[in-house]
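One structure is given here, and the rest of the page talks about it.
The values are calculated or read from the model by the stated rules, or taken from the named source; none is laboratory data. All values reported here derive from a predicted model rather than from experimental measurement. Because the Cβ atoms are built from the backbone with ideal geometry, glycine has one as well, and the counts that use them run over all protein chains shown. SASA here: full protein model, heavy atoms, side chains in, ligands and nucleic acids out. Shrake-Rupley method; radii C 1.70, N 1.55, O 1.52, S 1.80 Å.
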Amino acid sequence: MVPLNCYLALSVILFFVGLIGFLIRRNLIMMLISIEIMLNAVNLSLIALSHYMQDIRGQILALFVIAIAGGAVAVGLIILVLAYKNKPTLKLEEFDLLREK
């Protein structure tokens, strides 16, 4: 059996990979992927702690996080597709549709 420390260490590594990817990348799709990596890191720690403590509430919470993350990514991709129709680029610096002139 894998100890709890390994799961939590993997979760921390995944979270920081996602955080660094979100802060460094200026591509909107890569930013969405980085957010998903961070949410999966949180889910991994929730499930590992839930299994360790013999409580199902952490696993149920992880399922809710997965469902909400799927909806958020769907809305983000819809916004991205609609913005791409107006300005065909994925770089964040070039989106100034809502900025005052």
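Side notes on the structure shown:
- Residue within region 76-87 that is without any contact (Cβ under 8 Å) to a residue 24 or more places away in the chain, open to solvent by less than 100 Å² (accessible area, probe 1.4 Å), within 20 Å of Met30 (Cα to Cα) and not in a helix (DSSP H, G or I) present: yes
- Only one of the numbered conditions (1) without any contact (Cβ under 8 Å) to a residue 24 or more places away in the chain; (2) out of contact with any helix residue (DSSP H, G or I) (no Cβ under 7 Å at 6 or more places or on another chain); (3) not charged (D, E, K, R) is not met by Val12, and that is (1).
- When Ala62 is tested against (1) open to solvent by 60 Å² or more (accessible area, probe 1.4 Å); (2) over 25 Å from Ile24 (Cα atoms); (3) of a type in the set (A, V, I, L, M, F, W, C), only condition (1) is not met.
- With respect to the stated conditions, Ala69 is in contact (Cβ under 8 Å) with a residue 24 or more places away in the chain, part of a helix (DSSP H, G or I), surrounded by 13 or more Cβ atoms within 10 Å (Cβ to Cβ) and of a type in the set (A, V, I, L, M, F, W, C).
- Of all residues in region 15-51, those satisfying the criterion of being open to solvent by 50 Å² or more (accessible area, probe 1.4 Å) and in contact with a Leu (Cβ under 7 Å, 6 or more places away or on another chain) are Arg26, Asn27, Ile29, Ile37, Asn40.
- The residue that is farthest from Tyr7 (Cα to Cα), among those in region 89-101 that are open to solvent by 100 Å² or more (accessible area, probe 1.4 Å) and not in a helix (DSSP H, G or I), is Lys101.
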